[in-house]
Amino acid sequence: MLYLTVQMLALLLLAIVIGAAIGWLLRGARDAAAQEARSTADAARMADLRRDRDAAETALAEAKAAQPAADDGKLAEIQSALDECRANATSLAAERDAAKAALAAAKAKPAVAVAASPVAAVSLTAQANPAPESAASDDLKQISGIGPKLEGLLNEAGISRFEQIASLTPAQIADLDDILNFKGRIERDDWVGQAKRFASGETP
């Protein structure tokens, strides 16, 4: 009886040992599988990281290669805009100079006309009715229609005596009217008739 009990205990102990060994082997296999799966996942993650790194490096290289071309394009646009601004400035300067020249010519033209034509008209009047060189100027404002401004224009044209106005011919009147812009006032106010009366000694 004792012998059987010892054998049963020995078999039970052996079964426990075998079970423990099998459990340890199964746990080791499970851990190995998990480790392998983890290693595979880590390898896949590393491969993804390498792929992302390679893609980033490629993109960076392409960006660096494209940057000079982009800068060159912007530089060309800026240079073109600058050239256009310079051309516009040159054109505006030319237009300004042309406008200044036209303005100077416009200012000079009337002065030449007033200096030439009335002198010729006065010259003809002087030949018809010469006045003494020492004769004083008449007060042309006594003629109705002649104020200080018109008297000044007539004096600048060389007309300062009643006799000169009284001796004006229709052609000379037309010249003075056109050149000095009297707008028909000479005939409308009858300057010639008034000048004749004042030249003959009539007082206003």
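The values are calculated or read from the model by the stated rules, or taken from the named source; none is laboratory data. This one's a predicted model, so the numbers in the text were calculated from it and none came from an experiment. Using ideal geometry, Cβ is built from the backbone for each residue, glycine included, and neighbour counts are taken over all protein chains shown. These accessible areas exclude ligands, DNA and RNA; they are computed on the full protein's heavy atoms, side chains included. Shrake-Rupley method; radii C 1.70, N 1.55, O 1.52, S 1.80 Å.
Within the shell of other residues whose beta carbon sits under 12 angstrom from the beta carbon of ALA171, the net charge comes to -3, with Lys and Arg scored +1 and Asp and Glu -1. Ranked by the mean number of other Cβ atoms within 10 Å of their residues, highest first, the peptides 145-152, 7-14, 157-164, 190-197 fall in the order 157-164, 190-197, 145-152, 7-14. Note on ASP190/ASN155: beta-carbon distance plugged into 1/(1 + (r/R0)^6) with R0 of 25 Å gives a FRET efficiency of 0.75.
In this structure THR203 has an accessible area near 110 Å², from a 1.4 Å probe over the protein heavy atoms.
Semi-axis lengths, largest first, of the ellipsoid equivalent to the range 1-47 are 45, 4, 4 Å, with √(5λ) applied to each eigenvalue of the Cα gyration tensor. Centre-to-centre, using Cα atoms only, the range 149-204 and the range 1-62 are separated by 132 Å.
If a/c stays under 1.5 just call it rounded; otherwise compare a/b with b/c (prolate if a/b is bigger, oblate if not). Do that for the range 1-96, with a ≥ b ≥ c from the square roots of the Cα gyration tensor eigenvalues. Taking the square roots of the gyration eigenvalues as a ≥ b ≥ c, the range 1-96 is prolate. In this simple spin-label approximation, ALA56 and LEU103 carry label points 7 Å from Cα along the Cα→Cβ vector, and these lie 6.7 nm apart.
Taking every alpha-carbon pair under 8 Å whose residues sit at least 6 apart, the range 165-204 reaches a relative contact order of 50 percent.
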